[in-house]
Amino acid sequence: MVSSGSSRGSPRRPNADDLLVLLAVGRTGRFVTAAAELGINHTTISRRVAALEEALGGRVLTRVGGGWELTELGHSALVAAEAVEAALGSLGGCEHQVLRGVVRISATDGFCAYIAAPAAAQVQRHHPEVAVEIVAVTRRVSQQRTGLDLEVMVGEPQVHRAKAIRLGDYCLGLYGSVEYLRTHGAPRDRGDLIDHSLVYFIDSMLQVDDLDLARTFAPAMRESVTSTNVFVHVEATRAAAGLGLLPCFMADRHADLVRVLPTEVSVRLTYWMVARTETLRRPEVAAVVDAIRAQVVAQRPALLGLA
């Protein structure tokens, strides 16, 4: 690729195919992924990007971590690329645009199962040619977000060259199984919690600050079963391993779980979504975002433990 300050003669008109290649790379952050989407090889991607940079007289992409991000010139070129894409899409003469493509989203386990999955199903019903890939992971926001279109995490993220969208709140409560409470008794106040064990995340492996802060309500509780997966928390609590600090929208689905100290122990957290600005302009991604937002609104009482 040419250097940022170089130019080989006078800039010429960029090729439309080269612009569409830039659009694919800008959205995915990877040559390999863009090549797969466009049905061409990695070498062709590199060659077309180089040709576009020569035409424009500067760099359109810069290497960041394991992927690529748009430069200022690249962002300008992306606007033209999106216009080319829109023009080509209008040639079909269809009144309603047919959405197609793959949208990959990462989110926490519970969000994936109860928010992202039904949202993906809704998108599929209306747009059968859109495939949604859901990756379950609990972590901080990735600054590279290579290979991901949307990231959902707990707590407000600090992002660079991306947009953070507040989705909505959810609550954690303290739950015990009917069997556990029959055997050990229900705590009457926070002071009683010292006599009970806690089912929650593994401290040393927890990457999300807001989830780490959530257990400060009872620092004296000893650990029982811990896991990186919230579904393990739910099932261990149902199996009478201890009191579980669980998302209300997951725990309240089980009749054998009883919430204890609902006033004293109620931890309110927030789901956020992060994506590249250019990714959010893709119609199929926008459809998934709209479906996720609709699910969050529809399930708000359950998310807050009010259902």
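Derivation of every value follows stated rules applied to the coordinates shown; laboratory data play no part. Please read all numbers here as calculations on a predicted model, not as lab measurements. In this analysis, Cβ positions are derived from the backbone assuming ideal geometry, glycine residues included, and neighbour counts consider all displayed protein chains.
In this Cβ point-charge picture (+1 for Lys and Arg, -1 for Asp and Glu), the chain has a dipole of about 580 debye about its Cα centre. Per-residue extension of 0.36 nm, minus the Cα-Cα distance of A255 and S76, leaves a gain of 58.9 nm for this segment. Charge tally around C248: other residues with Cβ under 12 Å, Lys/Arg +1 each, Asp/Glu -1 each, net +2. Normalised Debye scattering of the chain at q = 0.08 Å⁻¹ gives log10 I(q)/I(0) of -0.46, counting only Cα atoms as equal scatterers and leaving out solvent. Counted residue by residue at 0.36 nm each, then reduced by the alpha carbon distance between them, the extension gain from T62 to E235 reaches 57.7 nm.
Using Cβ point charges alone (K and R +1, D and E -1), the dipole size of segment 16-92 about the Cα centre works out to roughly 240 debye. Spin-label pair D192-E179: with each label point 7 Å from Cα along the Cα-Cβ axis, the two points sit 2.1 nm from one another. Projecting label points 7 angstrom from Cα along Cα→Cβ for A50 and N15 puts them 1.2 nm apart. When the Gaussian network model of the chain links Cα atoms closer than 10 Å, the mean-square fluctuations of G242, G185, G74 top out at G185.
Taking the Cα atoms only, what angle lies between the long axis of helix 72-89 and the longest principal axis of the chain, rounded to 10 degrees? In the chain, helix 72-89 runs at an angle near 90 degrees to the longest axis. Computed over segment 169-269, the quotient of the alpha carbon radius of gyration and 2.2 N^0.38 Å is 0.95.
Placing pseudo-labels 7 Å out from each Cα toward the beta carbon at S266 and Q124 gives an inter-label distance of 3.6 nm.
Axis of helix 42-56 versus longest Cα principal axis of the chain: the two differ by about 60°, to the nearest ten degrees.
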